[in-house]
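Since the structure comes first, as structure tokens, the remarks are kept for the end.
The values are calculated or read from the model by the stated rules, or taken from the named source; none is laboratory data. Predicted, not measured: the structure shown is a model, and the values here were computed from it. Cβ sites come from the backbone with ideal geometry, for glycine too, and all protein chains shown count toward neighbours.
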Amino acid sequence: MPYLGNTAGNRFVASKAATQFSGDGSTTAFTLDHAVGSDEDILVSVDGVIQEPSVAYAVSNGTTLTFTGAPSNNSGNNIFVYYLFRTVGTVSHPSNNALQASDITVDTTTLVTDSTNNRVGIGTASPAVALETSGDMAVSDTSTASKRLQLSAGASEHTINSANYGSDMMDLNIQAENTIFKNGLIGVAESMKIDSAGHITKPLQSAFMAYANEQADIAVGANVNVVFANERFDQNADFDGTSTFTAPVTGRYQLNASVYLLGVDTASAYYYLELQTSNELYYNIIDSTEFNADLNYWTFTLSHLVDMDASDTAVCRILQANGTSQTHINANSFFSGYLVC
């Protein structure tokens, strides 16, 4: 039957149990008949005195017995070496023979290789997907129904991808210029990038900025939503294009409002600008009766770091308590915000 290792012997020969040498008063090194693995594998006697291993002698290269001091030149074989253990041989695969197997199983709960389907299973006896290699270095499983791990170091990218295409999707990609992606699907736009200069950008991070159209003669005695109908930008599309920002995730958001009023009526008891979120109300108020005449221009500002839960909303409202409906909201009014953490 086939076997691995050295060719089996066809006869057996008893090995020598001991070796004798003659000292000459100057020679310290002697060659043993059998290779041994350590100093303690032999018992050495000189002139009838047992020698201490690694102190009186040492064995190097398996067969060279070297004494610390040269044994005496007493007549006859005065050095006696008895082999307690010896190195007989080693078993290895012949270097000129290929090692092949169509399927090798090492504990089916641990590792399985299947050359027929080019699959490797770890912790399963039936791997469902192939182990793929490409480029300079790559290990990937691109199946959309399973997890993905890809390592590549090609000419144009250095990538580590990891994704779970189930309900909990994740992707991590590190490329040339130290770009990091973390998206639900491979190939979607980058979500974070660290460039060669160390700058960090997050193109999908929620951030918006919008400015208003003029609202003439706002109503008196009621909260009036400030309409910011012109988006300068809306990263992640969380602003509705009119007045409402909706938090995509639970976190801390920096929100800022600047509302420019024309024709502030001193007959009104007060005006205030409020930032209304699902969790809290923030406002800035003025006592307009303190002015001697109607104000041509007045700008309200609010800037707060606020807590918002996922799907919470934030809007800006202006209130003129009473008086004449004569106040305009100028187009140079702005509403902005972004996710901090």
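Considering only residues that are small (Gly, Ala, Ser) and either exposed (fewer than 13 other Cβ atoms within 10 Å of the Cβ) or part of a strand (DSSP E or B) (or both), which ones fall in the stretch 202-215? Steps first, answer last, please.
Keep residues of the stretch 202-215 that are small (Gly, Ala, Ser), which gives 206-207, 210, 212.
207, 210 - these are the residues of the stretch 202-215 that are small (Gly, Ala, Ser) and either exposed (fewer than 13 other Cβ atoms within 10 Å of the Cβ) or part of a strand (DSSP E or B) (or both).
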Positions within the stretch 83-110 being surrounded by 13 or more Cβ atoms within 10 Å (Cβ to Cβ) and modelled with pLDDT of 75 or more, in sequence order: 83
Would you pick out the residues in the stretch 289-330 that are more than 18 Å from residue 223 (Cβ to Cβ) and of a type in the set (Phe, Trp, Tyr)? 291, 297
Residues satisfying the stated conditions in the stretch 294-320, i.e. surrounded by 15 or more Cβ atoms within 10 Å (Cβ to Cβ) and not in a strand (DSSP E or B): 294, 312
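Which of the strands (runs of 3 or more DSSP E) contained wholly in the stretch 234-289 include at least 3 residues that are crowded, with 20+ Cβ neighbours inside 10 Å and either touching a Ser or Thr at 6+ places or on another chain (Cβ under 9 Å) or not assigned by TED's automatic domain parsing to the domain that holds residue 301 (or both)? Spell out the reasoning first.
Numbers: elements: 251-264, 271-277, 281-286.
Because the criterion is at least 3 residues that are crowded, with 20+ Cβ neighbours inside 10 Å and either touching a Ser or Thr at 6+ places or on another chain (Cβ under 9 Å) or not assigned by TED's automatic domain parsing to the domain that holds residue 301 (or both), the strands (runs of 3 or more DSSP E) in the stretch 234-289 that meet it are 251-264, 271-277.
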Determine, yes or no, whether residue 122 is aliphatic (A, V, I, L, M), modelled with pLDDT of 70 or more, out of contact with any Lys or Arg (no Cβ under 6 Å at 6 or more places or on another chain) and assigned by TED's automatic domain parsing to the domain that holds residue 42. no
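What do you reckon, is residue 338 exposed (fewer than 14 other Cβ atoms within 10 Å of the Cβ) and not charged (D, E, K, R)?
Working: exposed (fewer than 14 other Cβ atoms within 10 Å of the Cβ): no; not charged (D, E, K, R): yes.
In short, no.
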Does the stretch 175-190 contain any residue that is surrounded by 16 or more Cβ atoms within 10 Å (Cβ to Cβ), at pLDDT 50 or above and more than 30 Å from residue 314 (Cβ to Cβ)? yes
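Take the conditions acidic (Asp, Glu) and closer than 26 Å to residue 308 by Cβ and apply them to residue 280. Does it pass?
Values: acidic (Asp, Glu): yes; closer than 26 Å to residue 308 by Cβ: yes.
Yes.
Is it true that some residue in the stretch 188-200 is over 18 Å from residue 310 (Cβ atoms) and touching a residue at least 24 places away in the same chain (Cβ under 8 Å)?
Filtering the stretch 188-200 down to residues over 18 Å from residue 310 (Cβ atoms) leaves 188-190, 192-200.
Those still in the list that are touching a residue at least 24 places away in the same chain (Cβ under 8 Å) too: none.
Within the stretch 188-200, not a single residue is over 18 Å from residue 310 (Cβ atoms) and touching a residue at least 24 places away in the same chain (Cβ under 8 Å).
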